[in-house]
Amino acid sequence: MQPILRAQDIQVFYGKQPALDIPRIDLYREEVLAIMGPNGAGKSTLLRVLAALQRPHRGYLFFHGRPLQRRHTLAYRRRIAVVLQSPLLLNAGVYRNVALGLYLRGRWGRDVRSRVYHWLEQFRVAHLAQRNALDLSGGEAQRVALARAFVLEPEILFLDEPFSGLDMPTRIGIFTDLRRVLRETHTTVLLVTHDRDEARALADRAIVLVEGRIRQVGPVDEVFMHPVDEEVAAFVGMENCLSGAVVETRGGLCVDVGGMCVPVSRTLEVGRSVRVCVRPEDIRLQRVPGKGGGKGTVLDVFPQGVHVRLNVRVGDHIWRVLLPRREWRQAPVDVGATVDLDIAAEDVHVIEV
Amino acid sequence: METIVLGVREAWRLLLHGDPYVLEITALTLRVSGTATVIALLLGIPVGVFLAFVPFPGRRVLVAAVNTGMGLPPVVVGLVVALLLWRSGPLGRLHLIYTPTAMIIAQALLAWPIVTGLTMAALQQLDPRLQWQLLGLGASRLQVILLLLWETRLLLLAAIIAAFGAVISEVGASMMVGGNIAHHTRVLTTATVLETSKGNFALAMALSTILLALAYLVTYALTTLQQRARRL
């Protein structure tokens with residue numbers, strides 16, 4: 001299948017160091033491709049290059065298989081739309097802001113009005129049409145920014161962390177509406193985010209970018225379940241990545257991590273050094289010592305959203321654990337308590353070193 | 001104090017009776033300063049846009065020169081323009097010295113850096129990502145510039161007010177390149193200087209009052225426009 005957009009051999013330099021070095025990225029019709037990565041990874045620069053807002057120092061874009069030449073840039077930009085982290089609305093009415101892209105394409109008249117109101121309604125801000133855009137709240141402004149992009153019916157929609165400046169309830173509301181609209185319209189989307197939950201909920205495929213280079217690309221579940229290295233693992237939420245040696249026990253293979261036996265489901269050579277990565281929410285706590293895989297001491301306990309986070313020392317290693325608050329409330333543990341950590345083999349991801 | 005009261009009263013009398021001498025120099029003042037301001041806008045805004053967005057070697061030197069130009073002494077501008085337009089000067093064969101055109105040139109040169117400096121500052125205070133956003137909505141480079149200028153319209157109107165205020169109130173340059181010739185190049189500021197030197201304080205005061213009223217009325221009109229634009 002031919003990609004709608006291909007970027008090849010892209011390099012962007014800030015100074016002498018390449019800030020972006022991308023051999024190839026393909027974006028296919030009707031897919032949502034998430035570009036994830038920590039701050040400073042080059043995600044936004046990559047989005048600007050792919051949206052032809054910034055020219056790379058090297059490399060090419062191919063749109064529908066044809067090289068995107070400089071003289072075609074404006075025509076390309078008129079077939080896409082971009083929503084940035086900040087809504088960046090103009091000092092004008094909401095209606096005029098949403099209609100702006102159509103005006104820029106020389107489109108006026110009744111068709112514009114019906115399209116603008118349709119998309120204002122889709123994002124639940126039609127009642128604000130006559131208000132000045134600068135008088136809107138952050139959430140309202142971002143809804144208007146999304147309507148302003150969708151009104152163009154773009155072939156590719158570029159979203160650069162569109163929810164990051166919003167408080168949680170506002171964020172959830174807009175996220176839900178965007179997800180519905182994307183499902184209904186089958187819009188091709190390139191989403192830049194550092195929020196893995198957003199990426200997992202919206203994307204079909206994901207790219208993990210670290211220091212301007214692609215570390216992993218694949219279906220979103222594969223990236224989340226089978227990260228290729230420790231940095232990707234940490235980014236996708238596997239906060240516990242520890243080294244150990246494969247040993248054989250009566251119960252099967254496990255990895256000895258500082259005296260704690262972490263079971264593994266894969267066949268591995270006994271004695272081999274590996275890294276085991278486990279999500280903090282996949283570790284269960286046994287209050288009765290001796291029932292789990294490793295005895296440890298609770299160093300720290302603090303609430304985190306609907307969870308309670310614990311740091312537990314087992315041997316020389318510190319394991320990060322997230323317990324549902326309800327479970328913790330039923331049998332709370334305090335700093336200094338002795339607990340056993342219990343990890344199921346299917347929750348352990350092994351990286352061979 | 002009595003002179004001031006007499007002057008204001010004289011100003012009213014001259015205006016109400018439609019004194020041809022006063023009306024003539026008022027009209028010339030408006031024509032010269034208005035034209036100079038328009039020329040300064042036509043030159044100053046593109047240069048301001050260029051300095052705001054285009055990086056080039058020596059840009060900082062040029063920006064500093066523009067900022068210095070915002071406080072340029074009118075007599076210096078008058079001297080330079082006079083030397084250029086003087087009969088034996090490089091532009092002498094144009095025969096512009098002691099004409100309203102020479103005054104327009106001098107005043108436009110005074111207002112140009114003000115418009116350029118304030119346009120540049122206005123554009124630079126915008127969120128730099130706004131350019132990307134507009135490009136991402138399908139704007140051409142020219143459309144981006146026009147939209148950014150529209151977005152800074154409050155500050156651009158302030159630039160027009162500052163430029164017009166500077167040129168309508170200056171006397172040095174107009175005197176040097178215009179010569180204060182009756183019925184030809186005499187404007188409100190040069191007429192005020194002349195009447196003061198002759199000891200006609202009441203008439204000088206009257207001319208100053210008219211100048212002040214004129215500056216106020218034009219500025220008031222621009223301010224009204226500016227405040228209307230505040231929330232469209």
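Taken over the stretch A:326-353, the criterion of being small (Gly, Ala, Ser), under 13 Å from A:Cys254 (Cα atoms) and assigned to a loop (DSSP other than H, G, I, E, B) is satisfied by A:Ala344 alone.
Can you tell me which residue in the stretch A:87-101 is farthest from B:Gln131 (Cα to Cα), limited to those that are surrounded by fewer than 21 Cβ atoms within 10 Å (Cβ to Cβ) and within 10 Å of another protein chain (Cβ to nearest Cβ)? Of everything passing the filter in the stretch A:87-101, A:Gly93 is farthest from B:Gln131 (Cα to Cα).
Only one of the numbered conditions (1) over 25 Å from B:Leu194 (Cβ atoms); (2) of a type outside the set (A, V, I, L, M, F, W, C); (3) open to solvent by 80 Å² or more (accessible area, probe 1.4 Å) is not met by B:Pro46, and that is (3).
With respect to A:Leu253, is the statement that it is of a type outside the set (S, T, N, Q) and under 14 Å from the mean Cα position of the chain (by Cα) true? When the stated conditions are applied, A:Leu253 does not pass them.
Those strands (runs of 3 or more DSSP E) of the stretch A:156-261 in which 1 or more residues are more than 25 Å from B:Trp132 (Cα to Cα) and open to solvent by less than 40 Å² (accessible area, probe 1.4 Å) occupy A:213-219, A:240-249, A:252-257. Number of residues in the stretch B:176-212 that are open to solvent by 50 Å² or more (accessible area, probe 1.4 Å) and either within 16 Å of the chain's Cα centre (by Cα) or in contact (Cβ under 8 Å) with a residue 24 or more places away in the chain (or both): the value is 7.
Checked against (1) away from chain B (no Cβ under 14 Å); (2) in contact with a Gly (Cβ under 8 Å, 6 or more places away or on another chain), A:Tyr14 passes all but condition (2). If you check B:Gly78 against the conditions, is it over 22 Å from B:Glu151 (Cα atoms), touching a residue at least 12 places away in the same chain (Cβ under 8 Å) and not β-branched (Val, Ile, Thr)? Yes.
Looking at (1) out of contact with any Phe, Trp or Tyr (no Cβ under 6 Å at 6 or more places or on another chain); (2) open to solvent by less than 70 Å² (accessible area, probe 1.4 Å), which one does B:Ala40 not meet, given that it meets all the others? Going through (1) out of contact with any Phe, Trp or Tyr (no Cβ under 6 Å at 6 or more places or on another chain); (2) open to solvent by less than 70 Å² (accessible area, probe 1.4 Å) one by one, B:Ala40 breaks only (1). Quick one: is A:Arg24 over 27 Å from A:Glu198 (Cα atoms), more than 9 Å from chain B (Cβ to nearest Cβ), of a type in the set (D, E, K, R) and exposed (fewer than 15 other Cβ atoms within 10 Å of the Cβ)? No. I'm trying to understand the selection: among the residues of the stretch B:131-147, which are in contact with a helix residue (DSSP H, G or I) (Cβ under 7 Å, 6 or more places away or on another chain), facing another protein chain (nearest Cβ under 9 Å) and surrounded by fewer than 24 Cβ atoms within 10 Å (Cβ to Cβ)? If the condition is that a residue be in contact with a helix residue (DSSP H, G or I) (Cβ under 7 Å, 6 or more places away or on another chain), facing another protein chain (nearest Cβ under 9 Å) and surrounded by fewer than 24 Cβ atoms within 10 Å (Cβ to Cβ), then B:Gln131, B:Trp132, B:Leu135, B:Ser140, B:Gln143, B:Leu147 are the ones that fit.
Can you tell me which residue within the stretch A:281-292, out of those that are surrounded by fewer than 20 Cβ atoms within 10 Å (Cβ to Cβ) and either of a type in the set (S, T, N, Q) or not in a strand (DSSP E or B) (or both), is modelled with the lowest pLDDT? Step by step, filter the stretch A:281-292, then rank; the result is A:Lys291. Scanning the stretch A:102-155 for residues that are assigned to a loop (DSSP other than H, G, I, E, B) and open to solvent by 40 Å² or more (accessible area, probe 1.4 Å) returns A:Arg105, A:Gly106, A:Arg107, A:Trp108, A:Gly109, A:Arg124, A:Gln130, A:Arg131, A:Ser137, A:Glu153, A:Glu155.
From the list A:His57, A:His64, the one residue that fits, being under 27 Å from B:Ile145 (Cα atoms), more than 14 Å from chain B (Cβ to nearest Cβ) and either within 27 Å of the chain's Cα centre (by Cα) or modelled with pLDDT under 95 (or both), is A:His57. Of B:Ala52, B:Ala27, all but one fail to be crowded, with 17+ Cβ neighbours inside 10 Å and of a type in the set (Gly, Ala, Ser); the exception is B:Ala52. Report yes if B:Ala173 is more than 19 Å from the chain's Cα centre (by Cα), more than 14 Å from every other protein chain (Cβ to nearest Cβ) and modelled with pLDDT of 90 or more, otherwise no. It is false that B:Ala173 is more than 19 Å from the chain's Cα centre (by Cα), more than 14 Å from every other protein chain (Cβ to nearest Cβ) and modelled with pLDDT of 90 or more.
Within the stretch A:137-146, one or more residues are of a type outside the set (Phe, Trp, Tyr), touching a residue at least 60 places away in the same chain (Cβ under 8 Å) and within 14 Å of another protein chain (Cβ to nearest Cβ). In the stretch A:210-230, the residues that are at positive phi reach residues that are open to solvent by less than 10 Å² (accessible area, probe 1.4 Å) with C-beta atoms within less than 6 angstrom, at least six apart or across chains, in these pairs: A:Gly212/A:Leu20.
Scanning the stretch A:301-325 for residues that are touching a Gly at 6+ places or on another chain (Cβ under 8 Å) and crowded, with 18+ Cβ neighbours inside 10 Å yields a count of 3. A single entry from A:Ala75, A:Ala52 fulfils the requirement of being on the phi > 0 side of the Ramachandran plot and either of a type in the set (Gly, Ala, Ser) or more than 12 Å from chain B (Cβ to nearest Cβ) (or both): A:Ala52.
The values are calculated or read from the model by the stated rules, or taken from the named source; none is laboratory data. These figures come from a predicted structure and were not determined experimentally. Neighbour counts are summed over all protein chains in view; Cβ atoms, including those assigned to glycine, are modelled from backbone coordinates with ideal geometry. The area values use the complete protein model at the heavy-atom level, side chains included, leaving out ligands, DNA and RNA. Shrake-Rupley method; radii C 1.70, N 1.55, O 1.52, S 1.80 Å.
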